[in-house]
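The values are calculated or read from the model by the stated rules, or taken from the named source; none is laboratory data. Keep in mind it's a predicted model, so treat the numbers as computed, not measured. Cβ placement follows ideal geometry from the backbone for every residue including glycine, while neighbour counts extend to all protein chains displayed. Calculation scope for accessible area: heavy atoms of the full protein, side chains included, ligands and nucleic acids excluded. Shrake-Rupley method; radii C 1.70, N 1.55, O 1.52, S 1.80 Å.
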Amino acid sequence: MISLVGAWAIGAVPAHASSTEVSLQMDDGVSLAATLNLPDGTPPAGGWPAVMLFHPLGGTRASVASIAQGFLVNQGYAVLAYDARGQGASGGLVTLDGPREIADLREAFQWFRSRADVSDTQIGAMGLSLGGGAVLRAAVEGVPFKAIVPTITWTDLYQALAPQGWPKTGVIASFVQLVHAWEPTAYGIAQDAIRNQNIPVVKAFSAQRSSLPGLSSLTTPAFFIQGRRDYAFDISQARAGYNAVKGPKRLYVGDLGHAPASNPEAEKPHYLTEVREWFDRFLKGLPNGIDTRPPVEVAADPWTGKTASFKTWPKTRVMNLKLTGAKRTIAATGSVVRTVKLPKRRLEAFGSATVTASISSASGWPHLVAVLSALTPGGGETVISEGGIPTSGLTGQSTRVTIRLLNDATLIPAGSRLRLTLASASTAQNIANALYLDVGMSPSAKLTVAKTTLRLPVLQRPVSR
């Protein structure tokens, strides 16, 4: 569901580049397996400008090989990529971008910059998912990158994985399964996150791996790349980082990312070319205009080769919709499903929709999940977004609750109807929808749902067709 392993590992090393396997020895004795790619020929005075690449969770340096080989080395960049601690051919244990992994990054950076054929000042970094989190955290901790490209990643880990205080249990469980060499304490905290217990410890763990509080002091040129439909790390994670940083910045929202992103091969040359242009501008000093274009770019879905650019965040309007239906009481495995008609024109959801519902429970109902989907004229169903909240403390008296759904961008074809599913788990909408799994629900629990409303932000002008 979540893995990006192998998504980038295509192509071979160009003839005009050299590739060397190296072993990086960390100060605690752990060895990290690395690949050093160098352009052919004589380095310029001061050494080659350079880029460090960081792979996603469960991946290896091979996961980012095609970025190095197809877009950087052949354009005059030295590139270093290594298997993160506890992954691939590296030793050690995984703590999910914790202090030990950031120390590894710092040591690798120092090793890279100390080479005579590599510039000791003009070094940038790009990281995917886990790797993006490491790049951001390292940057706010003072690793002197000259430009960064955090990609499909988080800026606030707790808010990403437990928005509104209820965990995306399916996502967290999928992440845990991607690697086996977990450090025991980190593994235990991940299990606590899945069970929504020991929350102060989970929050402290997440804060130590987040970058958002420090980004307001960051002046390093930052190019954020995020997925339109990414249920692990939604658009809000990149937008928060983009808003916070003070230096040159750019934000691309495309069809890449974790599930349910389509990750079209045809889109990669578009944004990876922009990545290289970002490094060209800030590592080589080339006045190519990447920093003067409208800074926010949104790709159409499905990918057609077309994007829309904006000087500021794209303008939206809010649709306020009533989802009518009689008051209904459900058991632990039940669901309330309500639909509403839409105007007969194409719409593009963009931003965090909110669902407000009147609910009550005399038996106890610990959490509530909402899944918003579009029923298309062709008979299909596309999930627009979803979210969950803790609801402990309910009584027999009606209580109004608001569920903020993930910040995603989804095309809604003309003639569609909206469907809202309220239940204890996202699997109530579709058994394959494993974002929010049922955790801690008593078989005797019952919930009564009455009035329900929806606020749906949509682009004023859709970019998709």
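Descriptive notes on the structure:
- In this view, the solvent-accessible surface of K246, computed with a 1.4 Å probe and all protein chains in place, comes to about 130 Å².
- Given a 1.4 Å probe and the protein chains as shown, T307 ends up with an accessible area of around 50 Å².
- 12 Å cut-off, amide nitrogen to a point 7 angstrom out along K306 Cα→Cβ, residues in region 431-465: 462-465
- Using a probe of 1.4 Å, the accessible surface attributed to R419 totals some 70 Å² when neighbouring protein chains are kept in position.
- Estimated from helices alone, the mean residue ellipticity of the chain at 222 nm is -6000 deg cm²/dmol (sum of -39500 (n - 2.57) over DSSP H runs with n ≥ 4, per residue).
- The residues of region 79-208 have, on average, 32 Å² of accessible surface per residue, using a 1.4 Å probe with all protein chains present.
- Per-residue packing, averaged as other Cβ atoms within 10 Å, sorts the ranges 325-334, 428-437 into the order 428-437, 325-334, beginning with the highest.
- Using R0 = 35 Å, the C-beta based FRET efficiency linking K344 and Q397 works out to 0.30.
- Considering only the chain, percent of DSSP beta bridges that pair antiparallel, nearest 5: 70
- Accessible surface of the chain, 1.4 Å probe: 53 percent of it comes from carbon and sulfur atoms.
- Solvent-accessible area per residue for region 353-431 (1.4 angstrom probe, square angstrom): 33
- Projected label distance in nm at D120 and K284, using a 7 Å step from Cα toward the beta-carbon: 2.4
- Between the residues Q159, P49, S358, the greatest Cα displacement towards the positive end of the dipole of the chain, with unit charges on the Cβ of Lys, Arg, Asp and Glu, is found for S358.
- Of all aspartates and glutamates in the structure, the ones whose alpha carbon falls short of 14 Å from that of K315, not counting any fewer than 8 places away in one chain, are E297, E348.
- Unsatisfied cross-links (Cα-Cα over 28 Å) in the set K168/K246; K168/K311; K146/K311; K146/K306; K311/K341: K168/K246; K168/K311; K146/K306; K311/K341
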